[in-house]
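Participant: Take this structure, written in structure tokens, and hold onto it; I'll ask about it next.
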Amino acid sequence: MYYRPFLLALWRYFDPVYFEFTRLQHLCPENKERGIFRVRLTRYRGKDVVLSDGIKISKNDLMLKVHLHNVKILSDFSTMKNEWAKGRSIFRQVTDSMPLLAAFIHNHPQKNNIKGIIGITLINKGYSPLGFECYHPENRFYSWFKKTLQLPIYLLSSSKVSDLKKHHTVYLMMSKEKLMKKYKQLV
């Protein structure tokens, strides 16, 4: 566990480079510390999905890809020992950032073309109250590749490495309409 502070410091150093190369944007460019998400527009590449509100997400639909600002989360909660309290605090930060996400799409020049939001994660619980729906990627190689990329985050954030087998790569999706209905009025 002594390696965690060193790895976090290293990650904090390289995060701005990662941010630039991945074309990510802050939800609030004027206040980069506001919100726990960083986002970018992307084209959906998976199989067609019909969300619970009837919105169909098809290949090449424009989506807003949501990235948790993991180094910020890990830094903020690195001293917190209670996993339950840590999870509740992170959930609260995500909940507080959802209206910012709705405002970002509402003010985006391509808002009429954006079908929804998507994230790729190993998180397999706690997403439903936020309004997300869970779908498994069809391509096993892609799932394995994404799980491998997310492994360092998991190892830095979890105290139980043995739980990794329980986690699978999933898409978390929500239609733009559902996001606006649930969170726009909170901005």
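Participant: How do the pairs read when you match residues in the range 18-33 that are within 16 Å of residue 65 (Cβ to Cβ) with residues anywhere that are β-branched (Val, Ile, Thr) and surrounded by 10 or more Cβ atoms within 10 Å (Cβ to Cβ), using Cβ under 6 Å and keeping only pairs 6 or more apart or on different chains?
Facilitator: Partner pairs satisfying both residue conditions: 25/39.
Participant: List the pairs whose first member sits in the range 95-112 and is more than 13 Å from residue 37 (Cα to Cα), whose second member is of a type in the set (A, V, I, L, M) and part of a helix (DSSP H, G or I), and whose Cβ atoms are under 6 Å apart, counting only residues at least 6 apart or on separate chains?
Facilitator: That search, which allows pairs on different chains as well, returns 111/105.
Participant: Count, please, the residues in the range 123-138 that happen to be touching a Phe, Trp or Tyr at 6+ places or on another chain (Cβ under 9 Å), in contact (Cβ under 8 Å) with a residue 60 or more places away in the chain and farther than 23 Å from residue 177 by Cβ.
Facilitator: Of the residues in the range 123-138, 1 are touching a Phe, Trp or Tyr at 6+ places or on another chain (Cβ under 9 Å), in contact (Cβ under 8 Å) with a residue 60 or more places away in the chain and farther than 23 Å from residue 177 by Cβ.
Participant: State all residues of the range 71-86 that are surrounded by fewer than 15 Cβ atoms within 10 Å (Cβ to Cβ), part of a helix (DSSP H, G or I) and not charged (D, E, K, R); if no residue qualifies, say none.
Facilitator: Correct list: 84, 85.
Participant: So, one more: Is there a residue being modelled with pLDDT of 85 or more, surrounded by fewer than 16 Cβ atoms within 10 Å (Cβ to Cβ) and not in a loop (DSSP other than H, G, I, E, B) anywhere in the range 145-162?
Facilitator: Within the range 145-162, not a single residue is modelled with pLDDT of 85 or more, surrounded by fewer than 16 Cβ atoms within 10 Å (Cβ to Cβ) and not in a loop (DSSP other than H, G, I, E, B).
Participant: When only residues in the range 122-144 that are among the small types (Gly, Ala, Ser) and surrounded by fewer than 16 Cβ atoms within 10 Å (Cβ to Cβ) count, which is modelled with the highest pLDDT? Steps first, please.
Facilitator: Our first condition is that a residue be among the small types (Gly, Ala, Ser); within the range 122-144, this holds for 126, 128, 131, 143.
From what's left, surrounded by fewer than 16 Cβ atoms within 10 Å (Cβ to Cβ): 126, 128.
Numbers: 126: 79, 128: 87.
Once the filter is applied, the top-ranked residue is 128.
Participant: Could you list, in sequence order, all residues of the range 1-57 that are farther than 21 Å from residue 110 by Cα, of a type in the set (Ser, Thr, Tyr) and part of a loop (DSSP other than H, G, I, E, B)?
Facilitator: Within the range 1-57, 2, 52 qualify.
Participant: Okay, next question. Among the numbered criteria (1) over 13 Å from the mean Cα position of the chain (by Cα); (2) at pLDDT 90 or above; (3) of a type outside the set (S, T, N, Q); (4) surrounded by 13 or more Cβ atoms within 10 Å (Cβ to Cβ), which single criterion is violated by residue 119?
Facilitator: (1)
Participant: Here's another thing I want to ask about it. Can you find even one residue in the range 94-103 that is more than 13 Å from the chain's Cα centre (by Cα), closer than 19 Å to residue 132 by Cα and assigned to a strand (DSSP E or B)?
Facilitator: Initially, the range 94-103 is screened for residues more than 13 Å from the chain's Cα centre (by Cα), giving 96, 99-100, 102-103.
Remaining after also requiring closer than 19 Å to residue 132 by Cα: 96, 99-100, 102-103.
Cutting the leftovers down to assigned to a strand (DSSP E or B) gives us none.
No: zero hits.
Participant: Listed residues 91, 14, 19, 37; which is among the aromatic types (Phe, Trp, Tyr), at pLDDT 75 or above, in contact with a strand residue (DSSP E or B) (Cβ under 6 Å, 6 or more places away or on another chain) and within 25 Å of residue 146 (Cα to Cα)? Working first, answer last.
Facilitator: On the way: 91 fails: in contact with a strand residue (DSSP E or B) (Cβ under 6 Å, 6 or more places away or on another chain); 14 fails: in contact with a strand residue (DSSP E or B) (Cβ under 6 Å, 6 or more places away or on another chain); 19 fails: in contact with a strand residue (DSSP E or B) (Cβ under 6 Å, 6 or more places away or on another chain).
Only one candidate qualifies: 37.
The values are calculated or read from the model by the stated rules, or taken from the named source; none is laboratory data. Computed from a predicted structure; not experimentally measured. Counting neighbours? That spans all protein chains shown, and the Cβs are built from the backbone with ideal geometry, glycine included.
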